[in-house]
Amino acid sequence: MKSVRIRCRGEGEESVVICGKGAFGALARRGVPEGGGIVFTDRNVEALYGDRIAGALGGLPVHVMPAGEKNKNERTLFSLLDAMARAGIRRNSVLIAVGGGVVGDLGGLAAALYMRGIDCVQVPTTLLAQVDSSVGGKTAIDFHGAKNLVGAFRQPGRVYADPLFFSTLPAREIRCGLGEIVKHGALHPPLFRELLRNRARLTDPEFLSEIVPENIAFKASVVRADPHEAGIRKSLNLGHTTGHVLEMASKRLSHGECVLLGILFESEFARRYTGCDEAFLGDLALLCRTALRRMPPLPDLSASAALALLDKKNSAAGVVTVTAPVAEGKYELLSLPFAEYAAGLAEIKEKLC
């Protein structure tokens, strides 16, 4: 096991990420918190790991949500808050979110809101949640058709990222996590080269368990420097502006698949508007296509392109900001007029297909 500590600049609280084999056992050994708490999970995780969760956290009430991104909304959020109030959760209690990115985002937001903030422990059960969404304190729900429109920054007290959960992940969930791993690689040269060297092992659970701690350590270094996304943390949105458009337009593609596709799209924007490293973009495209296995059918983007105008990185009305990869470890923020961005999407879609 490895511990990664995140003490953000200008903030007193520290978040500790315990990652690697045995991390879940460390949570069990820590036991039920003195102030009590509540476990929040979804139906899929409960079916697979309900007994294990009860064994580790027996005695705590459990609130279960329907699984899936479509339930990452205000109804599910207020259902959880209602359960917390009925369970008598207090300021010194803890919410323990056990699940993927949807459970983590919703649980984190509920913890940030309840009594103006209680402690949250994240137990990410998907590859994507372990390498990305459970680390860094971003919490949110989808709202008015836009991804993560309502949320808050609040660091979890602890994160327990154990590869034991990978054994029950379907192949598509592994690809979903690879979206964030490839993104981190584009921004962190040592990881990028490791991914290229091990391209044939990208879906090997043993390889993934080896590189999860490196991914967590890299993201933690960015979060420490910029906890509220005022500067360098915007780099972590690579692939996400267009990825979110694809995700909301498709309804069938997973978040990670959309991030991989978003990286391909935004690499093309880099070619158009920056002095990029062509060899790097070629290697990055190779990793994306390897992770995807095949190019999925892409949705019609003519209407959904407007969703990019709701992206949180945009700095002005009518402008879409894209995090474009330009070289190993380097990126540029491109602010494109919406009409130019929308036309580019249509042209790039034709090229990629």
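The values are calculated or read from the model by the stated rules, or taken from the named source; none is laboratory data. Since the structure is predicted, the reported quantities are computational estimates derived from the model, not experimental observations. In this analysis, Cβ positions are derived from the backbone assuming ideal geometry, glycine residues included, and neighbour counts consider all displayed protein chains. Just so you know, the surface numbers come from the protein's heavy atoms only, side chains and all, with ligands and any DNA or RNA stripped out. Shrake-Rupley method; radii C 1.70, N 1.55, O 1.52, S 1.80 Å.
Filter the range 52-99 down to the residues that are charged (D, E, K, R) and more than 24 Å from HIS144 (Cα to Cα) and list them by number.
ARG52, ARG86, ARG90, ARG91
What tally of residues in the range 56-73 results from selecting those that are within 15 Å of GLY99 (Cβ to Cβ) and of a type in the set (S, T, N, Q)?
Going through the range 56-73 one residue at a time, the tally reaches 1.
Taking the conditions exactly as written (among the aliphatic types (A, V, I, L, M) and open to solvent by 20 Å² or more (accessible area, probe 1.4 Å)), does ALA306 satisfy them or not?
Here the answer is yes, as ALA306 does meet what is asked.
Given the residues PRO170, PRO189, PRO205, which is the only one that is over 15 Å from the mean Cα position of the chain (by Cα) and within 22 Å of ALA324 (Cβ to Cβ)?
Values: PRO170 fails: within 22 Å of ALA324 (Cβ to Cβ); PRO205 fails: within 22 Å of ALA324 (Cβ to Cβ).
That would be PRO189, the only listed residue that is over 15 Å from the mean Cα position of the chain (by Cα) and within 22 Å of ALA324 (Cβ to Cβ).
Restricting the search to the range 302-353, which residues are small (Gly, Ala, Ser), assigned to a loop (DSSP other than H, G, I, E, B) and modelled with pLDDT under 95?
The answer is SER302, ALA303, SER315, ALA316, ALA317, GLY318.
Could you check how many residues of the range 275-292 are open to solvent by 20 Å² or more (accessible area, probe 1.4 Å) and either over 15 Å from ILE181 (Cβ atoms) or hydroxyl-bearing (Ser, Thr, Tyr) (or both)? Steps first, please.
Restricting attention to the range 275-292, the residues satisfying the condition of being open to solvent by 20 Å² or more (accessible area, probe 1.4 Å) are 275-279, 282-283, 285-286, 289-290.
Then drop every residue that is not either over 15 Å from ILE181 (Cβ atoms) or hydroxyl-bearing (Ser, Thr, Tyr) (or both), which leaves 275-279, 282, 285, 290.
Result for the range 275-292: 8.
For the range 145-183, which positions are surrounded by fewer than 20 Cβ atoms within 10 Å (Cβ to Cβ), over 25 Å from SER15 (Cβ atoms) and at pLDDT 90 or above?
SER167, THR168, PRO170, ALA171, ARG172
Scan the range 71-125 for residues that are more than 14 Å from the chain's Cα centre (by Cα) and on the phi > 0 side of the Ramachandran plot and jot them down.
GLY88, MET115, ARG116, GLY117
Among the residues of the range 115-123, are any more than 15 Å from SER15 (Cβ to Cβ) and surrounded by fewer than 24 Cβ atoms within 10 Å (Cβ to Cβ)?
Pass one, the range 115-123, residues more than 15 Å from SER15 (Cβ to Cβ): 115-116.
Keeping just the survivors that are surrounded by fewer than 24 Cβ atoms within 10 Å (Cβ to Cβ) gives 115-116.
Within the range 115-123, one or more residues are more than 15 Å from SER15 (Cβ to Cβ) and surrounded by fewer than 24 Cβ atoms within 10 Å (Cβ to Cβ).
Yes/no matrix, rows are residues, columns are (1) of a type outside the set (Gly, Ala, Ser); (2) within 22 Å of TYR114 (Cα to Cα):
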| residue | (1), (2) |
| --- | --- |
| ARG30 | yes, no |
| PRO33 | yes, yes |
| GLY37 | no, yes |
| ALA47 | no, no |
| ALA54 | no, no |
| PRO61 | yes, yes |
| GLY68 | no, no |
| ASN71 | yes, yes |
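Test each condition in (1) at pLDDT below 95; (2) assigned to a helix (DSSP H, G or I); (3) in contact with a Lys or Arg (Cβ under 6 Å, 6 or more places away or on another chain) for THR290 and report the one that comes out false.
(1)
For the range 196-225, which positions are surrounded by 14 or more Cβ atoms within 10 Å (Cβ to Cβ) and hydrophobic (A, V, I, L, M, F, W, C)?
Result: LEU196, LEU202, PHE207, LEU208, ILE211, VAL212, ILE216, ALA217, PHE218, ALA220, VAL222, VAL223.
Out of contact with any Cys (no Cβ under 6 Å at 6 or more places or on another chain), among the charged types (D, E, K, R) and under 26 Å from LEU309 (Cα atoms): is that true of GLU257 in this structure?
Taking the combined requirement at face value, the residue satisfies it.
Which residues, taken from the range 29-62, are aliphatic (A, V, I, L, M) and within 26 Å of PRO170 (Cβ to Cβ)?
Here is the first cut: in the range 29-62, the ones aliphatic (A, V, I, L, M) are 32, 38-39, 45, 47-48, 53-54, 56-57, 60, 62.
Within the range 29-62, VAL39, VAL45, ALA47, LEU48, ILE53, ALA54, ALA56, LEU57, VAL62 meet the criteria.
Pull up the range 234-255, narrow it to residues that are open to solvent by 20 Å² or more (accessible area, probe 1.4 Å) and of a type outside the set (S, T, N, Q), then point me to the one that is nearest to LEU333 (Cα to Cα).
LYS234
Would you check if ALA343 is over 24 Å from the mean Cα position of the chain (by Cα) and either over 25 Å from GLU194 (Cα atoms) or open to solvent by less than 10 Å² (accessible area, probe 1.4 Å) (or both)?
Details: over 24 Å from the mean Cα position of the chain (by Cα): yes; either over 25 Å from GLU194 (Cα atoms) or open to solvent by less than 10 Å² (accessible area, probe 1.4 Å) (or both): yes.
Answer is yes for this residue.
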